[in-house]
Amino acid sequence: MDKDIDVILKKFKPGRREELLPLLQEIQETNGHLSEEAIVKAGRFVGLSTTKIYGVATFYDQFRFIPSGKVCLKICNGTSCFMSGSGAVINRIREETGFEAGQTGRDGVFSYEITTCMGGCHHGPVLSVNGEYLTSVKPEQIPDLLKKLKFIIEND
Amino acid sequence: MDDLKKFLTEKVLLSESDTLPPETEKMLEVIRREKTDKPVIYISSGTSSIIAGSEKTWSEVKNYPGENSKDTELVRVGCNGPLSYEPFMCIQLPGKNKLFFRNITEEKVEPLLNGIFHSDISEEDLVGQHGNSGFGIWQGIPFIDELPWFALQKRVVLGNCGCYDPESIEEYIARGGYRAFMKAIRHYTYDEVCTIVEKSGLRGRSGGGYPTGLKWKQALNTATASRYLICNAKESDPGAFTDRTILESDPHRLVEGIAIASYAIGATTAYVFFRKDSPVALGKLLGAIASAKDYGLLGHNIHSSGYNLDIIVRAEPGAFVCGEETALISTLEGRRGMPQLKPPYPAISGLFGKPTVINNVETLMNVPLIMQNGPEWFRSMGTDTSPGTKVFSVGGKARLAGVIEVEMGTTLRSLVEDIAGGIREGKELKAVQMGGASGFFITPENLELQIDFDIIREKGLSMGAGGLIVVDEQTCIVELVRYYMEFIRNESCGKCIPCREGTSRMLEILDSVIRKPANEDSGTTLERFKGVMQLETIATVMKDTSLCGLGQSAPNPFLSALNNFREEFEEHIFDRKCRANVCRGLRTFSIDVEKCTGCTACASKCPVNAIYGTRLQPFFIVEEKCTGCGICFDICKFSAIKVK
Amino acid sequence: MLFTIQVNNRKIRAEKGETILSALNRNGIIIPTLCRMKDFTPTGACRICVVEVEGRENLVTACSQPVEEWMKIRTHSPRVITARKTIVELLLSNHPDDCLYCDKNLNCELQKLAEELNIRERRIRARKIKPRLDQSSHAIVRELSKCILCGRCVRVCEEVITTTSLDFINKGSKIHVGPSMDRDFNFSSCINCGQCVMVCPTGALHEKHNINEVQEYLNNPEFMKIIQYSPLVASGIAEELGIRYNREFERMLNSILRKIGFEKVFAAGAGTDICLYEIAEQLTEKVKEKHDKPLYISACPAWVKYAEQFMPDLIPELSTVKSPQQVTGILIKTVVAAETGIRPEKIFSVSATPCLAMKFEARRDGMMRKGISDVDTVMTVRELARLIRLYGVDVSNVAPEPFDEPLSGYSSSASLTEVSGGFAEAVGRLYLFMKTGKEADRQMFRKLRMSVSFREVTVNSGEEELKIAVADGLTGLEKLKREQAAGKNYDLIEVMTCPGGCVNGAGMPFSSARDEKKTRVKTIYLADDTDAINTPSKSPVLINIYEKMIKENKEISDRKIFHTHFEKRDVLL
Ligand SMILES: Cc1cc2nc3c(=O)[nH]c(=O)nc-3n(C[C@H](O)[C@H](O)[C@H](O)COP(=O)(O)O)c2cc1C
Ligand code: SF4
Ligand code: SF4
Ligand code: SF4
Ligand code: SF4
Ligand code: SF4
Ligand code: SF4
Ligand code: SF4
Ligand code: SF4
Ligand code: FES
Ligand code: FES
Ligand code: FES
């Protein structure tokens, strides 16, 4: 992981603040989160204090500071999906997993995020798992879905 | 391939005359697949289509074992139909009109293709035939342009969407693409291009309606070494999907629009501030930019005009407020995306302190058309003060949700009832919500409202970026307002007090309206009522004093809901009743002694331990403790739990 | 260019380019502000300063909006007042309501605004913010629930102090101010200068209190209670207690402190004189050895921490002499202990300072010998004033008394060290005095008294030149580095963290107006011109210490205890 960050940094020009976000985005995409090390290195690279880097990164929803789960569910909470009942689905996921959106379970299996309209409004609520879409999701489906995903992960 | 590029560059892009010689046109027809002796199958490929299963359809078609398949051309196109038609497929047999089928999921592929190749067309999923291609007509099959969805729309900005392969710049050029840009850089000065756009009367499509040409001129007339153009493809509204659809279906036109706009203000670097969570759209956009570079349409000294242009795509890192101009600039500069004070306005001092023009995707999509067809053509559409068309993404409970483009001046009624087909499943229309989280509710009586910047503003409303949510009677207005308020509360940047604190307070008060506190006496009811009274003051002060548009418009959904649906609020507050029966917090649960078997299932699951009883005796619910979550209702196998 | 605008139906003169606020203020109209800071570009965060401008749809912020000729402004219309009042009510709706217990009580801008806007009822209710207290730092306490997110601390720390140890974290309702990675303060790059405390309009940032500890010891007969205070403290106390300051007040303060229960009252200036002497010797040594590296004065503990964190390469060049507070402290625990016959562990030694960083300094490694701290507790001027009020001393009615022996006086050079540039000047003068035996011409150091962030001077001692540079605030450091990079060499460099020096220290009264601070500086310069004893080596106290005490006391005879060491610090930068 150490190396990854340095490899990524090589692609950018040092000392340019406008490169900060693309740089952090790439680290986030590669590692799934921004570690303290990443923040320190990015700070040194761009020439800003880590306080600033952390301040900037926490402003944006994209960045996480703990690793995401092996499976990350994305639940659409756009207006149409909300009207079709995405709230209940989110509640159910929260109850089943026991943590909030943006967090990761202790076993590191799941994390989930809430997004705005994904474009499948007519088929809402929409949920995506590792790039696969599920449509017209009902809260009742959640326990089984999570069980199935966990099984797949653990037997992988 | 290189021959094609050479041909398109020399004979089309660099052609001096507006009309091309017939032999060139003929070639272009082939590229446009208007002259083809192979069957062509078009499959929709946008995110919406993928969600509905188009990728599976695609591989099913690929694997189709029928005898004709080898000679069949398969094309991924963008989208042009309602979301409920996804995934759609168009089939064009040689010499015959294109047929449009809807909801072709993988299992339907084989029977459909079996039928088609034996001239046996399944009527079930058929929408109609395209009537404008000058090919043989299918007898007895309706023309899709006559269906309200197409007939009542004016698809100009969306003109190319769903018609061609968005990954092929060749097809785009064959459809007249990039000729406007070439014209601009070879024959017009910066100022002339601004003037043409100014004359056309084009106004910013992000909702404000600010005259685009004027904005460009302000930037152009600010003396400096460099200027920037930013295409705002952030699409912040939680329920909108127009920009994404455009990017997925016609990215080349956007690139051309950006190129022309950059030229008009003398910018040599343009940024696209791109909405996150749209990998498909991002791929298409990057592809379009790469192929434009390949064609020498971007880069250094574009086709010897002396003009240089780079387009840089930046993915938005996730914050609603970054759609606001000054916040967007902060983000591009690598700062927290907090809005800044204006003045100075970005057109004078924006990105890196340089004059910067920020335009919406739809605004820029209009630009190549205006350059090509002239300002008069543009003014011939729409109303006097709002010429042109407007694209909406219609969602919610509309029967035919999707991206819809209408001429300015069209009424909302026509848009919602005629084009979008009214409400799904025969329910009643309650309201139309325009402008997303900062928008307004419009009740059925007011649907005659014309779509026009000034008319809408005079009514005290705002058009927004094009999100339109159709609300039916099964939706609780209070809960929907709360939904918007929660969204805004989370997305406020937190910089200024009225917005940061105001949205939190409003959300808390709305929460108290849709949830029942554990113990309530009449005093608490009064408190709650006082809370709602305070909401109005808070809302007014937020509008009056917030730093940026987000805070200024945050109270809109609440205020307009209160105006139009006051009785629904009162019911919630005083009668503790939700007429749409959605506010879980207001429901009362009780156990039917007759039916309860005393199985204990409910009691063990109640999260607040509100259910008591002895095994095999009827159980009961302590109303004061119950939060109305409804879990017991779902659990009870004997239907012993009653809801009121 | 001057023009006329209309305000509240009357005409006032305004100047092109100025803000509405400045035009109004010049014409005697006061508009409340909260996020604004003098000399900083406005951010428009608080919206308290809104006014009504005819023709504008929304209210506009006076602190940022430039005046224009067409403007018709209403500053206190019902609409404006409702807006301002609602904004403050929104802030108060979830505020902890902790005024009676709050550090900023009676100094709080939020409290003052609520009073000014006549808020007499809680109309907007909300759940109170959960208290979140960060007491990890030795100098500063953060009470996040009282923060109104005006951003002043963030800006001071970034733009004035340049350590950027604070920033906004998160957004929307989760936004708060904190150090890197949202850790506790003691892990951060904060150098404890306390300038953020000085600008914070509420009790969200305040010094760590040591009053209780002091009180405890005051009541404990087993300990000998000793207090030292620096020359600036007396003027600060006078201001806090609302008394006109003159130099006689210092002697009154001595008797006040004795009334409270301090058995001995010492002048920290005596320690300063020793510091000056030690540093002047180090400088002499350096010059003699033809060292090409400069000697950095290390009297400002915030600057020292800064160097340890950000410029570790420079540590060998930092003067090893302890700060005046610590030197005085060590003398108390050695010489005074020996003289009075009380074991050092039975001495409770308090220092009152205009500085917050000294609270941290007293807890540094190397500030303790054999388990005995050089200084036991550090109090700010504000805390000491509180203690005086607590003990009910009628300050208008005390007889002046001298300091206790042996640390009973100091040269005017010692007072000078509390103004930026003064330390370098004092060392320079002493160096020349030691070299030539003659008083240096003060005019030679004139340039060190200017008011720019970086100053330098070359003084001629006859045989050689002495090059002195002064960084006034850490922004001056940038300029210094640039000069050095361009090849300039200096012999002596002074860096003070607080712009202007300790006169603007974070232990001084909150309320000080700019003019008051200027007067403070003037008084110090004036004293330096008039005092008979203006060089440390002329001070009888110093002479006594070096000639007699050091010789008599084994513990300190090698003078090593006046020195300390510095080390690279690992914090999140
Ligand atoms: C909170 C907020 C969010 C916004 N989001 C968007 C957005 O997502 N897309 C957009 O094009 N404009 C958005 N805008 C408007 C932009 O600030 C800007 O006015 C617009 O991009 C100008 O383009 P136009 O002149 O072409 O309409 C937003 C404004 C505010 C106040
Ligand atoms: S109105 Fe809201 S989003 Fe805009 S600056 Fe203020 S807090 Fe930020
Ligand atoms: S509705 Fe929920 S809270 Fe109420 S009794 Fe049933 S399970 Fe318990
Ligand atoms: S689950 Fe139904 S039957 Fe069983 S105890 Fe509860 S109410 Fe009675
Ligand atoms: S910060 Fe001010 S308003 Fe808040 S408790 Fe302290 S004194 Fe009172
Ligand atoms: S001012 Fe009011 S609240 Fe404060 S102590 Fe006096 S009576 Fe109590
Ligand atoms: S004490 Fe000084 S360094 Fe520390 S946070 Fe405050 S201003 Fe910054
Ligand atoms: S801590 Fe104080 S200065 Fe800093 S933002 Fe909060 S209230 Fe303002
Ligand atoms: S300049 Fe003075 S008051 Fe400020 S930190 Fe340094 S020693 Fe303390
Ligand atoms: S709102 Fe969920 S897909 Fe559109
Ligand atoms: S028709 Fe495909 S998304 Fe609209
Ligand atoms: S003082 Fe003007 S906005 Fe805060």
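The values are calculated or read from the model by the stated rules, or taken from the named source; none is laboratory data. Quick caveat, the model's predicted, so the values are computed rather than measured. For neighbour counting, all protein chains shown are included, and Cβ atoms are generated from backbone atoms with ideal geometry for every residue, glycine included.
Pick out the one residue from B:A281, B:A240 that is within 14 Å of chain A (Cβ to nearest Cβ) and either within 16 Å of ligand 9 (Cβ to nearest atom) or part of a helix (DSSP H, G or I) (or both).
Residue meeting the stated conditions: B:A281.
Which residues, taken from the range B:625-644, are under 44 Å from the mean Cα position of the chain (by Cα) and more than 20 Å from A:Q141 (Cα to Cα)?
Going through the range B:625-644, the residues under 44 Å from the mean Cα position of the chain (by Cα) turn out to be B:625-637, B:639, B:641-644.
Within the range B:625-644, B:K625, B:C626, B:T627, B:G628, B:S639, B:I641, B:K642, B:V643, B:K644 meet the criteria.
Does the range A:114-133 hold any residues that are within 9 Å of chain B (Cβ to nearest Cβ) and surrounded by fewer than 24 Cβ atoms within 10 Å (Cβ to Cβ), and which are they?
Matches in the range A:114-133: A:T115, A:S128, A:G131, A:Y133.
Which members of the range C:141-180 meet the condition of being within 16 Å of ligand 9 (Cβ to nearest atom) and under 16 Å from C:P201 (Cβ atoms)?
C:C153, C:V156, C:C157 - these are the residues of the range C:141-180 that are within 16 Å of ligand 9 (Cβ to nearest atom) and under 16 Å from C:P201 (Cβ atoms).
Has the range C:26-36 got at least one residue that is under 20 Å from C:G151 (Cα atoms), of a type in the set (K, R) and more than 16 Å from ligand 1 (Cβ to nearest atom)?
Of all residues in the range C:26-36, those under 20 Å from C:G151 (Cα atoms) come to C:31-36.
Keeping just the survivors that are of a type in the set (K, R) gives C:36.
Keeping just the survivors that are more than 16 Å from ligand 1 (Cβ to nearest atom) gives C:36.
Looking through the range C:26-36, at least one residue is under 20 Å from C:G151 (Cα atoms), of a type in the set (K, R) and more than 16 Å from ligand 1 (Cβ to nearest atom).
Can you name the strands (runs of 3 or more DSSP E) wholly within the range B:31-132 that have at least 3 residues being touching a residue at least 60 places away in the same chain (Cβ under 8 Å), within 16 Å of ligand 4 (Cβ to nearest atom) and of a type in the set (G, A, S)?
On the way: elements: B:40-44, B:73-77, B:89-92, B:99-101, B:126-129.
Passing ranges: none, list empty.
Which is of a type in the set (A, V, I, L, M), within 22 Å of C:T353 (Cα to Cα) and either within 16 Å of ligand 1 (Cβ to nearest atom) or within 12 Å of chain A (Cβ to nearest Cβ) (or both), of C:I211, C:I227, C:I161, C:I175?
C:I161
Taking A:T79 and the conditions (1) in contact with a Pro (Cβ under 6 Å, 6 or more places away or on another chain); (2) farther than 30 Å from B:E473 by Cα; (3) not hydrophobic (A, V, I, L, M, F, W, C), which numbered condition does it fall short on, given that it satisfies the others?
Condition not satisfied by A:T79: (2).
Taking the stated definitions as given, is C:E68 within 14 Å of another protein chain (Cβ to nearest Cβ), over 25 Å from B:G494 (Cα atoms), more than 16 Å from ligand 11 (Cβ to nearest atom) and not in a helix (DSSP H, G or I)?
It is true that C:E68 is within 14 Å of another protein chain (Cβ to nearest Cβ), over 25 Å from B:G494 (Cα atoms), more than 16 Å from ligand 11 (Cβ to nearest atom) and not in a helix (DSSP H, G or I).
Condition (residue is over 30 Å from A:V126 (Cα atoms) and touching a helix residue (DSSP H, G or I) at 6+ places or on another chain (Cβ under 8 Å)) applied to the range B:39-53: is it met by at least one residue?
So far as the range B:39-53 goes, yes, one or more of its residues are over 30 Å from A:V126 (Cα atoms) and touching a helix residue (DSSP H, G or I) at 6+ places or on another chain (Cβ under 8 Å).
Any residue in the range B:437-452 that is part of a helix (DSSP H, G or I), buried (at least 24 other Cβ atoms within 10 Å of the Cβ) and within 16 Å of ligand 10 (Cβ to nearest atom)?
Checked against the condition, which is being part of a helix (DSSP H, G or I), buried (at least 24 other Cβ atoms within 10 Å of the Cβ) and within 16 Å of ligand 10 (Cβ to nearest atom), the range B:437-452 yields at least one hit.
How many of the residues making up the range C:119-157 are at pLDDT below 95 and either within 16 Å of ligand 11 (Cβ to nearest atom) or within 13 Å of chain B (Cβ to nearest Cβ) (or both)?
Total satisfying the criteria: 9.
What's the number of the condition A:Q25 fails, among (1) under 11 Å from the mean Cα position of the chain (by Cα); (2) in a helix (DSSP H, G or I)?
Exception for A:Q25: condition (1).
Taking the range B:336-361 only, how many residues are part of a loop (DSSP other than H, G, I, E, B), within 12 Å of chain A (Cβ to nearest Cβ) and over 27 Å from the mean Cα position of the chain (by Cα)?
Residues meeting the conditions: 0.
Rundown of residues vs (1) more than 16 Å from ligand 2 (Cβ to nearest atom); (2) farther than 28 Å from C:R155 by Cα, yes/no style:
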| residue | (1), (2) |
| --- | --- |
| C:L21 | yes, no |
| C:I31 | yes, no |
| C:P42 | no, no |
| C:C46 | no, no |
| C:V50 | no, no |
| C:M71 | yes, yes |
| C:S77 | yes, yes |
| C:T86 | no, no |
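Residues checked against (1) at pLDDT 90 or above; (2) more than 30 Å from B:D2 (Cα to Cα):
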{"site": "B:F101", "(1), (2)": "yes, yes"}
{"site": "B:H130", "(1), (2)": "no, yes"}
{"site": "B:P148", "(1), (2)": "yes, yes"}
{"site": "B:Y164", "(1), (2)": "yes, no"}
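Name every residue in the range B:280-306 that is surrounded by fewer than 19 Cβ atoms within 10 Å (Cβ to Cβ), closer than 22 Å to B:I265 by Cα and in contact (Cβ under 8 Å) with a residue 60 or more places away in the chain, in order of residue number.
Within the range B:280-306, B:G296, B:H303, B:S305 qualify.
Would you check if C:L257 is farther than 21 Å from C:M358 by Cα, under 25 Å from the mean Cα position of the chain (by Cα), modelled with pLDDT of 95 or more and buried (at least 20 other Cβ atoms within 10 Å of the Cβ)?
no
Can you report the number of residues in the range B:84-111 which are in contact with an Asp or Glu (Cβ under 7 Å, 6 or more places away or on another chain) and of a type in the set (A, V, I, L, M)?
The number of residues fulfilling the criteria is 2.
Select from the range C:133-174 the residues that are outside any strand (DSSP E or B) and within 16 Å of ligand 12 (Cβ to nearest atom) and list them in ascending order.
Matches in the range C:133-174: C:C147, C:I148, C:L149, C:C150, C:G151, C:R152, C:C153, C:V154, C:R155, C:V156.
Go through the range C:37-52 residue by residue and tally those that are buried (at least 16 other Cβ atoms within 10 Å of the Cβ) and within 29 Å of C:F168 (Cβ to Cβ).
Residues in the range C:37-52 being buried (at least 16 other Cβ atoms within 10 Å of the Cβ) and within 29 Å of C:F168 (Cβ to Cβ): 11 in total.
If I filter the range B:403-419 for residues that are under 30 Å from A:T58 (Cα atoms) and in a strand (DSSP E or B), do I get at least one hit?
Within the range B:403-419, not a single residue is under 30 Å from A:T58 (Cα atoms) and in a strand (DSSP E or B).
Among C:I161, C:I140, which is the only one that is over 15 Å from C:H206 (Cα atoms) and of a type outside the set (K, R)?
Testing whether each residue is over 15 Å from C:H206 (Cα atoms) and of a type outside the set (K, R) leaves just C:I161.
Among the numbered criteria (1) touching a Gly at 6+ places or on another chain (Cβ under 7 Å); (2) surrounded by 19 or more Cβ atoms within 10 Å (Cβ to Cβ), which single criterion is violated by A:V109?
(2)
With respect to B:M371, is the statement that it is at pLDDT 95 or above and away from ligand 4 (no atom under 16 Å from the Cβ) true? Spell out how you get there, then give the answer.
Numbers: at pLDDT 95 or above: yes; away from ligand 4 (no atom under 16 Å from the Cβ): yes.
It is true that B:M371 is at pLDDT 95 or above and away from ligand 4 (no atom under 16 Å from the Cβ).
List the strands (runs of 3 or more DSSP E) inside the range C:427-510, counting only whole elements, that have at least 2 residues being more than 18 Å from C:T162 (Cβ to Cβ).
By residue number, C:454-460, C:465-472.
Condition test on C:I30, is it under 26 Å from B:R500 (Cβ atoms), out of contact with any strand residue (DSSP E or B) (no Cβ under 8 Å at 6 or more places or on another chain) and of a type in the set (A, V, I, L, M)?
So C:I30 fits the description; yes.
Among the residues of the range C:103-118, is any assigned to a loop (DSSP other than H, G, I, E, B), within 11 Å of chain A (Cβ to nearest Cβ) and farther than 19 Å from B:T503 by Cα?
Scanning the range C:103-118 turns up no residue that is assigned to a loop (DSSP other than H, G, I, E, B), within 11 Å of chain A (Cβ to nearest Cβ) and farther than 19 Å from B:T503 by Cα.
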